[in-house]
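The values are calculated or read from the model by the stated rules, or taken from the named source; none is laboratory data. Computed from a prediction, not measured in an experiment: that's the story for all the values here. When we count neighbours, we look across all protein chains shown, and the Cβ atoms used for this are built from the backbone with ideal geometry, even at glycine. Side chains are part of the model used for accessible areas, which takes the heavy atoms of the whole protein and leaves out ligands, DNA and RNA. Shrake-Rupley method; radii C 1.70, N 1.55, O 1.52, S 1.80 Å.
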Amino acid sequence: MTLARISAEAAASALIVMGSLNPADQAGTVVLLGTGPGFWSVFSAAPEYADGQRDPVDRWSKRVIGAMAANLGASTAYPSDGPPYPPFIAWALASGRFHTSPVGMMVHDQVGLMISLRGALLLPDRIDLPVAEAPSPCDSCAAPCTGACPVGALAADRAYDVDACRGYLDTAAGSACMGSGCAARLACPLSAGAQRDPAQSALHMKAFFRR
């Protein structure tokens, strides 16, 4: 088993390997999968998108990644599993490809703040992994994300103000965030690397708003 093979399997479903690690506290290798640039065209043609049931992206992720795992001889974990929830944030930060941004959210070396982790492959044996310990991209960035939120709901030194965010989204002015995605996430220069379809962001925003 190689990371290149896993990446190829993921690409067939418009997923990308966003990070990987050999945890010190468990056997095997953890491979983190997230949405890639072509995700929306693949997902919007899937049955989960059109069936009218709740959590279509989670259900699509479990079907697709579950099939990948069966093919690769791995087990799976998903951010929606729980409680207790799998330690996705700890895995992400330990992979060396995620860092904490100036607005408190994680930032990724390829997709910036447009992170959508869909699941993890848990390989029973350890595989060789590339070294991924680059400095945070935020270290050399002017941090436009810090002034992008219209209601200042995000900051690294305090908890995310969910009420302020949802309150703004429920106004006419908040329609831009609802339709195109979080302004702070979009302000990150690396977020363009996600090539995120606005319809995907709108779906995530709608799911966040109704919870």
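General observations
- Hey, A4 outside any helix (DSSP H, G or I), free of Cβ contacts under 8 Å to residues at least 60 places away in the same chain and either closer than 27 Å to P198 by Cα or open to solvent by 50 Å² or more (accessible area, probe 1.4 Å) (or both) or not: no
- Helices (runs of 4 or more DSSP H) wholly inside segment 151-211 containing at least 1 residues that are open to solvent by less than 60 Å² (accessible area, probe 1.4 Å) and more than 28 Å from S44 (Cα to Cα): 162-169
- In segment 131-147, the residues that are open to solvent by 30 Å² or more (accessible area, probe 1.4 Å) and either more than 30 Å from T2 (Cβ to Cβ) or in contact with a helix residue (DSSP H, G or I) (Cβ under 7 Å, 6 or more places away or on another chain) (or both): P137, C138, D139, S140, C141, A142, P144, T146, G147
- Among the residues making up segment 43-72, those that are open to solvent by 50 Å² or more (accessible area, probe 1.4 Å) and within 26 Å of L21 (Cβ to Cβ) are K62, R63, A67, A70, N71.
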